[in-house]
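Structure provided below as structure tokens; questions to follow.
All of the numbers you see were taken from the coordinates with simple rules; none came from a lab. What you see is a predicted model; the values in this text were computed from it and never measured. Cβ placement follows ideal geometry from the backbone for every residue including glycine, while neighbour counts extend to all protein chains displayed.
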Amino acid sequence: MGNYSLGDVVIAPVACEDRGGVKTRPAVVIGMTEKGDVYLCPVSSKPPSDAPCVSISLDDFSEGGLDLFNESYVLTSRVRMIRSGDVMGKRGQLTEEAFQAITSRVPQSCMPDNTRKKGNRHYHSLR
């Protein structure tokens, strides 16, 4: 099982609503459970036409990054939960400002229970 922190950008299998399958893609860790599950917001190279998103670039990383030629888009309304063991690797860590911009756009109903109960979206709250 991997050890991930809020704001990590990982590579993971993420279910795609519009395609009905699973696609390996970057995703931002927005929460974790005590059982080892990870809440993720997928990252896309194209902005969605039907959902909110937050753009990120290499400047939004405090360490590591993605192979970005243009901006990428964090799909804030498409939160997914997977087992941390299914995460394929870590690519980097977002800045606190970038992470806050993302979590402020995630619907409260999609936030992990332990984050919602505490009313705490602080960047280091689950580290």
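Which net charge results when you count Lys and Arg as +1 and Asp and Glu as -1 among the other residues whose beta-carbon is under 11 Å from that of LEU66?
Values: positive: ARG25, ARG91; negative: ASP60, ASP67, GLU71.
That sum, taken over residues with Cβ under 11 Å, equals -1.
Related question: Where in segment 59-87 does the label zone of LYS46 land, with the point 7 angstrom along Cα→C-beta and an amide N cut-off under 14 Å?
Under cut-off, by backbone N: 73.
Of SER109, ALA27, SER77, which is farthest on the positive side of the dipole of segment 8-118, counting Cα position, with +1 on Lys and Arg Cβ, -1 on Asp and Glu Cβ, and the Cα centre as origin?
Value computed over the given set: SER109.
Packing-wise, with mean Cβ within 10 Å as the measure, how do 85-91, 10-16 rank, highest first? Could the numbers behind the result be given before it?
Details: 85-91: 14.3, 10-16: 18.4.
Most protected by this proxy first, the peptides run 10-16, 85-91.
Net charge within 13 Å of CYS53 by Cβ-Cβ distance, Lys/Arg positive one each and Asp/Glu negative one each, not counting CYS53 itself?
Numbers: positive: LYS46, ARG78, ARG105; negative: ASP50, GLU71.
It works out to a net charge of +1.
Can you give the alpha-carbon Rg of segment 8-118 over 2.2 N^0.38 Å, where N counts its residues? Don't skip to the answer; put the middle values down first.
Values: Rg = 13.0 Å, N = 111, 2.2 N^0.38 = 13.2 Å.
The reported ratio for this selection is 0.98.
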